[in-house]
Amino acid sequence: MSVGSLAGRVIAAIAAACLLTTNFAAAQPPMPPGLGAPAPQYPVRPKPRPQPRAPAPGSLAGAAAARTPASAAMLQTLSLRADHVALLERALADAGSHGLRPEEFATNGIDPLLASRDPTQRRAGELRLMALSIRYAQAVHAGRLPPDQFMKPWGLKPAPYDAAGAFVQAVATDRVGPWLDNLPPPYTGYQVLRQGLTTYRQIAARGGWAPLLPGPDLALGMTSPRVPALRARLAAEDQAVAADGNPLFDDALAQAVMRAQKRFGLEPSGILNKPTLAALNTPVEERVGQIEANMERWRWMPADLPTDRIQVNIAAAVLTMFKGDNPILSMRAVTGRPGDETPMLQSKIHSVVLNPPWNVPSAIASKELWPKERAHPGYLASNDFIVIRDGGGVRLQQRAGPRAALGKVKFDFNNNYGVYLHDTPTHSTFSRYGRLASHGCVRLEKPELLAKTVFAGDPTWTPEAIDATIASGDTVRAQLQQPIAVFLFYWTAYVAPDGAVNFRQDPYGWDKALVRLLAALPYGAA
């Protein structure tokens, strides 16, 4: 292939990259209106993402910022200094640390072109480096998954990002270094997962770990030929474990098993039981994929989270409330069972309903409640359900009261999935370590405490007023003077304060689905 032909193909690739960022932005659907042990309360901002200097009217950067198609034309005339080239090549060489495919961003063959005395060859090298850099920026900043490949419950999507325009502006304003530094999500949760990815890739490079043989549960005081293998398996992730051949299940080993169980969100019994065996036998390659999937989801987050917010980790079934970016309240939750998944989303809680009735979704009524009524006539009436005739059809509503499925408190926020946070008359589920049991809404362990916390300082809805209204049995909608942001996340891999990577089961299969989707993307799709 001639150099001229190569340059032409690279220019076409740059134009395609610019169009991709435009199409990615245009294809974004609108957001919903508004914006084990508990997981560490990420995200935390290690530093604010600096705002780029405003380009001067009529400048190169201004033209690029105005509309993406102009960026393609600008790129064809843009030149890179040697220090720009070094910065870009260094970032591309480190693409793998962000969970990207290193070979997709390899700069093989670019340096000889850049070093050539032939201006056409040098230009071809520059254009190729630009195309790689734009793809890298899009992937690291806003993710690789095209909008049309997001599953329906994945309602948390990255904001549009004009990678080509941002690249042109960075070069034109001589801010390539800061631009590269601020491409990744600005949260500690992402940064520590990036370190965790390196750790687990190193474990994989050493051969990972051998699966443990099935057998009876192992507990403190037992002696078994399976114990040395257990020690070796734990030592792969826990530096405090000595991988010796001691066949006795001693106290140190029981403590190590408990640490592993906490990392996996299992009951810390210190016994090697079936759930613990299954977690330990998860291949290291699958753990690497989990980390990469969670890093990708970090890129779907808004660049600036509200400092006052409520967030739920769906996979861990934990709710945390933040005030001033600091966690002030945490509680267990019950999230959707597989088949009735709790969606990822962001919105704002605008009101709290005290003593809420339950308007039963038609799918639940037809699949669960009407069959119970047919099998046991009077079931609906005895459980406070009433039939409401609505436009020629009928629907069910459960009156507020001690049997009400929504309990005493419900938190409303606009979303496209019909889900909300609420109380429940059944509290036994909160004692479990596995708490995926709802129809998709989020049940709360301490909903009244959350209600009093979100209304803190409200002169009308004091704790006493909330208690009195609940005691009255009257259904009342209490409006928040200042709506509070709510986020539903799906974190199955995160780093605890002790530096250990924690994993949760992938109950909905969303990690595996995301890994498959990303692996199937053609090179250059980001």
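The values are calculated or read from the model by the stated rules, or taken from the named source; none is laboratory data. What you see is a predicted model; the values in this text were computed from it and never measured. Positions of Cβ are generated from backbone atoms using ideal geometry, with glycine treated the same way; all protein chains shown enter the neighbour counts. Ligands, DNA and RNA are stripped out before the accessible areas are found, and what is left, the full protein with its side chains, is counted by its heavy atoms. Shrake-Rupley method; radii C 1.70, N 1.55, O 1.52, S 1.80 Å.
Annotations
- Of the cross-linked pairs Lys348/Lys512; Lys323/Lys410; Lys348/Lys372; Lys348/Lys408; Lys157/Lys348; Lys152/Lys367, those separated by over 24 Å at the C-alpha level are Lys348/Lys512; Lys348/Lys372.
- Apolar share of the accessible surface for region 349-496: 51 percent from carbon plus sulfur atoms, 1.4 Å probe.
- Region 490-523 and region 192-208: distance between their alpha carbon centers, rounded to Å: 14
- Region 225-298-region 360-409 distance, computed between alpha-carbon centres (Å): 45
- Accessible area in square angstrom per residue, the chain, 1.4 angstrom probe: 44
- Estimated FRET transfer efficiency when R0 is 45 angstrom, pair Tyr379-Glu103 (beta carbons, to 0.05): 0.15
- FRET efficiency for Thr426 and Arg90, using Cβ-Cβ distance with R0 set to 56 Å, rounded to 0.05: 0.50
- Dipole magnitude of the chain about its Cα centre (Cβ charges: Lys, Arg +1; Asp, Glu -1), debye to nearest 20: 580
- Added length on full extension, which subtracts the Cα-Cα distance from 0.36 nm per residue, Ser362 to Leu329: 8.4 nm
- Carbon and sulfur %, accessible surface of region 162-228 computed with the full protein complex present, 1.4 Å: 58
- Cβ-Cβ FRET estimate between Asp467 and Gln397, R0 fixed at 25 Å, reported to 0.05: 0.50
- Highest to lowest packing among 84-95, 357-368, scored as the average C-beta count within 10 Å: 84-95, 357-368
- Modelled label reach - Tyr433, point 7 Å along Cα→Cβ, region 237-271 residues with backbone N closer than 15 Å: 254-271
- Overall form of the chain per C-alpha gyration tensor (a/c, 1.5; a/b vs b/c): oblate
- Remark on Val486: its backbone amide H falls under 5 Å from those of Ile310, Ser347, Lys348, Ile349, a criterion applied only to residues 5 or more positions apart or on other chains, H modelled at 1.01 Å from N.
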